[in-house]
Each structure stands twice: as structure tokens, then as C-alpha cells.
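One structure below.
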């Protein structure tokens, strides 16, 4: 037997000393993987986010997208109220477009901004139609009131005149 004790392969080298150089490795076969590093050397590190300089897309929707979607849904619900629904829809449409553009610029998903924009457009169209219909009916009812005020002497005659005027708007004959 020899006087030397076997060395522990996992022992930390003394301070200031370096482990002995590793024996030359055999050539890596084509298409094969390189051999693992020898004991005592740190494992190689790789970039965490893929290629160096690349940036992973930001996850989640922005707060502006969520606010735009909520306002556009509320605008769609109240678009049947003349003028108020159209105003809320216009605000929702502007916020939806801003949320969509800012999401695309920041690399976030733009789905909520797109949805808010589409719902805002629908609510705006319905709100405009309802507001125009309200103004037309208001003008027609004012004309009917003026005609019936001039031609009626009693309340019953006035009521019958208004009923006849409104029925003529929709093609309804109240006397049949």
C-alpha cells in the first residue's frame, strides 16, 4: 500500500489554487452533444429569456383596456337613452382606441382594447339612431299638438285628434 490517501473528487480546492487541468477530451462526434464540464467547474449559464437582447412580451391586460371595456359595456346597456347613451359610447370608443394602440406599442395583448372599440362602435351607432328617432318623434308630436290645439274645442276632441295623428304616423287607423 501507498502512503497517499485517495483524494476526494468533490473536495473544494485550496484557496488560490486551481484544480489540475482536465485531460484532453476526445473530439465531439458530429451531431453529438459536448461532454459535461469536469467536476469543480460551474455549469454553463444560458440567457433566461431566449436569445440575448430579446425581450419577452408583457403578460396581462392593461388597466386602460379593462376600463374601456367596462365603459363600453355600460354604454351598450344605456345606448337606448337618447343623447346619454351616445355620449357614453363616444367616451368608450375613444378609450378603446387608446387602449388598443397603447397595448400594441407596449407589447401587451390588445384583445380587450379591440373588444372595447367594437362594442363602443355598436353602442355609438345605436345611440345615434335612438337620438335621431327621439328628435323626429319630438318634432312630430309638437306639430300634432299645434294642429290639435287649433282644431279642438274640448279635451275629448283634442285627445281624439292626437290619437288620430299618432295613428297616422304608424299607419294605424284607430277607428277600425
Revision key, fill the gap. Checked the stretch 142-166 for anything free of Cβ contacts under 8 Å to residues at least 12 places away in the same chain, surrounded by 13 or more Cβ atoms within 10 Å (Cβ to Cβ) and assigned to a helix (DSSP H, G or I); matches are 158, 160, 163, 164
Exercise for review: Return yes when residue 137 is assigned to a helix (DSSP H, G or I), under 30 Å from residue 165 (Cβ atoms) and without any contact (Cβ under 8 Å) to a residue 40 or more places away in the chain and no when it is not.
Suggested key: yes
Review point. Looking only at the stretch 69-115, which residues are surrounded by fewer than 21 Cβ atoms within 10 Å (Cβ to Cβ) and assigned to a loop (DSSP other than H, G, I, E, B)?
Key: 80, 81, 82, 83, 107, 108, 109, 110
Exercise for review: Determine if the stretch 100-122 includes at least one residue that is under 30 Å from residue 170 (Cα atoms) and touching a residue at least 40 places away in the same chain (Cβ under 8 Å).
Suggested key: yes
Practice item. Take residue 70 and decide whether it is at pLDDT 90 or above and over 30 Å from residue 170 (Cβ atoms). Key: yes
Review point. With respect to residue 171, is the statement that it is loosely packed, with under 15 Cβ neighbours inside 10 Å, part of a loop (DSSP other than H, G, I, E, B) and free of Cβ contacts under 8 Å to residues at least 12 places away in the same chain true?
Key: yes
Check your understanding: What do you reckon, is residue 129 within 24 Å of residue 80 (Cβ to Cβ) and either in contact with a helix residue (DSSP H, G or I) (Cβ under 7 Å, 6 or more places away or on another chain) or in contact (Cβ under 8 Å) with a residue 12 or more places away in the chain (or both)?
Key -> no
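The values are calculated or read from the model by the stated rules, or taken from the named source; none is laboratory data. It should be emphasised that the depicted structure is a prediction, and the values quoted were computed from it without experimental measurement. So basically every Cβ, Gly included, is an ideal-geometry build from the backbone, and we count neighbours across all protein chains shown.
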